[in-house]
Amino acid sequence: QAASGGGRAGLRACGVHNVCRLLTRRAHGFYARDAGVAHRKNLGLLRKIMCQESTKFKNVWTTHSASPIAYERGRIYMDNYQCCITSIAQQPRLIYQKSKCAKSEKIEDALLLECPLGEMLPSPSDYKASLIVLTVQNWLLRLSADSGEVLEKVYLAGSCCKFFRYLSWDTPQEIMIVKSAQNKLPAAARQAGIQQTVLFYLAVFQVLPLSFIGMLEINKKIFGNSVTDVAVSNGILIVMYSMGLVRLYNFKAILEQFMEQPFDLGQEFNWNGQVGVVGKYPFGLPCNIKITDTPPLLFEASSLENAFQIGGYPWHYIITPNKKKHKGVFHICSLKDNALAKNGIQDMKCCSLEPDWIYFHPDMSGRIIHVGPNLIKVLKLKEVKNHADQMEIAEDFTIVANRENCVTNSVTVTASGRVVKKRFTLLDDDPEQETFKIVDYEDELDLLSTVAVTQIGADGRAHLDFHCNDHGILLKSIPLKESWDVTYSHEVYFDKDLVLHIEQKPNRRFSCYVYQMVCDTAKEDD
């Protein structure tokens, strides 16, 4: 039917004469009746407007704080999340300001929770954005992003654990992990010969509606004595060891295999002699997942400082050989058979105070971004010619910093008139030479953004550049008005028509600078 009547007319109208191409274009939302077409067109227009020469970014708001400043999807949080400011308006304005909280209510970590599309939710408040926060007293709270009102609260720590500190996503916006700090016995207990076998606790939740899946412990008896940290991502339990070893386990299989009894929030329970309500004070959550045997190992690798990443297509991983002399050398290997890819050793041979870094491109293209002080390489995986089972690393494009020759000649003349030239080389990240500090990707506009900094004396100058994500072509450069000190900690967020710079100075002093896109053809001071 698609090839006859209206189907033929539709094919001719869009210039597509191949059914496979038509289906692909439908999947990508190329047709007017598709729900995402208008949004996609608007983002395309925004990208064109933003990259015009007449478009400027104006510093519309600046603030300073004695407490950390956080940014999440158009909202600026200050005073330990007690103050929320919207950055979407023409000039940032206050959304809500709560009274100062006691030290016992201090927020340790937070995640933004957004409503899933196409799902029926039990409460009208579930359809609006909310903030999940973890307090120092082990309360997990869901707050309204618009008012800061507490929508739900769960008490985490029963008798098993007192120090939950970290929030993270296993599956973004679906499965959340709450991790404890590492359990350490007091010095007196260690001297008395008491041994601590439980290192971490992990509480697992499904979100919207918020429901408890289970809690488990990471035990020395199961995973070994040298465990230093654990993480969960995309259904994989990642266990890290002091000697650089990284081991991967199937987290979903662990939950299914070792679950002793499921519990729901608000359910009355009698567990190991304790009677209480799940998620209520003082009982908290039961540790209902007991790992009694070492789970099947999916994969392991040894890497310097436990640095390990998986990505690309077909699947590859990136490690640094586990010796200090190899710091800054990256090996890209096949996950299938551990074979090193052709040209898979990436080494910029940087002579710099700060090391270069490498990661898989967040645009899901399977490419790799390698960032050095003055060079950004975007690499791609491709089949070796005449060897379909072997992959090689090829250069897709590079972005080079705008800097002078790093070699300086110092000329002196001796008493006899002989000219002596002393030749020395500056560091690759010398502050007086333009150096890349931040590389990010704006997924909605499909732009690669870079922050490059040059420090002259006490005054550092930075600019944010937008590059074509496909070819690396420079499309726009935005100078940041404020001075940039390379010794401070910096974060830069590029979110559609907004640029936000958060700076942390010594003695816990924080500053936030907000830039908004201004389309002004008039020659006014920006």
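Using amide H atoms built 1.01 Å from N in the peptide plane, name the residues 5+ places from W61, or on other chains, whose amide H lies under 5 Å from its own.
Under 5 Å from the amide H of W61 lie the amide H atoms of V514, each far enough along the sequence or on another chain.
Shape verdict for the stretch 157-248, please, from the Cα gyration tensor: rounded (a/c under 1.5), prolate (a/b greater than b/c) or oblate. Don't skip to the end; give the middle numbers.
Numbers: a/c = 2.81, a/b = 1.52, b/c = 1.85.
Oblate.
Enumerate the amide H contacts of G214 below 5 Å, restricted to partners 5 or more residues apart or on another chain; note that Pro and chain-start residues carry no placed amide H.
Under 5 Å from the amide H of G214: V204.
Shape of the stretch 446-500 from its Cα gyration tensor (a ≥ b ≥ c, root eigenvalues): rounded if a/c is under 1.5, otherwise prolate when a/b > b/c, or oblate?
Details: a/c = 2.48, a/b = 1.84, b/c = 1.35.
Here the stretch 446-500 falls in the prolate category.
Once you sort the root eigenvalues of the Cα gyration tensor of the stretch 289-345 as a ≥ b ≥ c, which label holds: rounded (a/c under 1.5), prolate (a/b larger than b/c) or oblate (the other case)? Please list the in-between numbers first.
Values: a/c = 2.93, a/b = 1.53, b/c = 1.91.
Oblate, because a/c is 1.5 or more while a/b does not exceed b/c.
At 0.36 nm per residue, minus the direct Cα-Cα distance, what do M259 and N219 gain on full extension? Give it in nm, one decimal, please.
Numbers: separation 40, 0.36 × 40 = 14.40 nm, distance 1.58 nm.
Result: 12.8 nm gained on full extension.
Calculate one ³J(HN,Hα) per residue across the stretch 237-248 by plugging θ = phi - 60° into the Karplus curve 6.51 cos²θ - 1.76 cosθ + 1.60, and present them in order as whole Hz with x for glycine and proline.
Coupling constants for the stretch 237-248: 8, 10, 10, 10, 10, 5, 8, x, 6, 10, 10, 10 Hz.
Using a Förster distance of 41 angstrom, determine the FRET efficiency expected from the C-beta separation of S226 and V19, and round it to 0.05.
Numbers: r = 57 Å, r/R0 = 1.39.
Efficiency computed from Cβ-Cβ geometry: 0.10.
Which of the trypsin sites (Lys or Arg not before Pro) found in the stretch 155-257 are in a DSSP loop and have at most 11 neighbouring Cβ atoms, other than their own, within 10 Å?
K184
Give the aspartates and glutamates whose C-alpha is closer than 14 Å to that of K58, dropping any in the same chain fewer than 8 places away, or say none.
Cα-Cα hits under 14 Å: E482, D497, D520, E524, D525, D526.
So which of K153/K496; K325/K382; K98/K128; K220/K327; K349/K377 end up more than 23 Å apart by C-alpha? Walk me through the numbers before you get to the answer.
Numbers: K153/K496 33 Å; K325/K382 29 Å; K98/K128 20 Å; K220/K327 29 Å; K349/K377 14 Å.
Pairs exceeding the cut-off: K153/K496; K325/K382; K220/K327.
Run the dipole for the chain about the Cα centre, Lys and Arg Cβ at +1, Asp and Glu Cβ at -1, nothing else charged, and hand back the magnitude in debye, nearest 20.
Values: 59 positive and 58 negative charges, 121 e Å.
Around 580 debye, computed over the chain.
Past the 46 angstrom mark, what percentage of all C-alpha to C-alpha distances in the chain do you count?
On the way: 31679 of 138075 pairs.
When every Cα pair of the chain is considered, 23 percent fall beyond 46 Å.
Please identify the helices of the chain, taking whole runs of DSSP H, that span at least 24 Å along their own axis as judged from the Cα atoms and have a mean Kyte-Doolittle score of 1.6 or higher.
On the way: long enough: none.
Correct list, ordered by number: empty.
Mind checking the per residue accessible area of the chain for me, 1.4 Å probe, whole number of Å²?
On the way: 28670 Å² over 526 residues.
Per-residue accessible area for the chain comes out at 55 Å².
How much accessible surface area, in Å² rounded to 10, belongs to the heavy atoms of D146 with a 1.4 Å probe?
Its accessible surface works out to 70 Å², give or take rounding.
Pull up all non-local amide H partners of E72: gap of 5 or more, or a different chain, and H-to-H distance under 5 Å with H placed in the peptide plane.
Hits under the 5 Å cutoff: Y77.
P(r) for the stretch 322-390, please, calculated from all Cα pair distances in 10 Å bins and given in %.
All Cα pairs considered, the percentages come to 17, 47, 30, 6, 0.
Convert each backbone phi in the stretch 475-487 into a coupling constant with the Karplus relation 6.51 cos²θ - 1.76 cosθ + 1.60 (shift: θ = phi - 60°), then list the ³J(HN,Hα) values in order as whole Hz, x for Gly and Pro.
9, 7, 10, 10, x, 8, 6, 6, 5, 10, 8, 5, 8
Please give the solvent-accessible surface of I49 in Å², to the nearest 10, using a probe radius of 1.4 Å with every protein chain present.
Approximately 60 Å² of I49 is accessible to the 1.4 Å probe.
Sorted by accessible area with a 1.4 angstrom probe, largest first, how do H501, H490, H39 fall?
Values: H501 0, H490 35, H39 95 Å².
Result of the area sort, largest leading: H39, H490, H501.
Using a 1.4 Å probe, how large is the accessible area of S67, given in Å² and rounded to the nearest 10?
Counting only protein heavy atoms, the figure is 30 Å².
Carbon and sulfur: what percent of the chain's accessible surface (1.4 Å probe)? Write down the numbers at each step before the final one.
Working: 14650 of 28670 Å².
Carbon and sulfur atoms account for 51 percent of the accessible area of the chain.
What list of ³J(HN,Hα) values in whole Hz, one per residue of the stretch 311-321 in order, does the Karplus curve 6.51 cos²θ - 1.76 cosθ + 1.60 (θ = phi - 60°) give from phi, with Gly and Pro shown as x?
x, x, 9, x, 4, 9, 9, 10, 9, 10, x
The values are calculated or read from the model by the stated rules, or taken from the named source; none is laboratory data. Computed from a predicted structure; not experimentally measured. Neighbour counts run over all protein chains shown; Cβ positions are idealised from the backbone, glycine included. Protein only, heavy atoms only, side chains kept; ligands, DNA and RNA dropped before computing areas. Shrake-Rupley method; radii C 1.70, N 1.55, O 1.52, S 1.80 Å.
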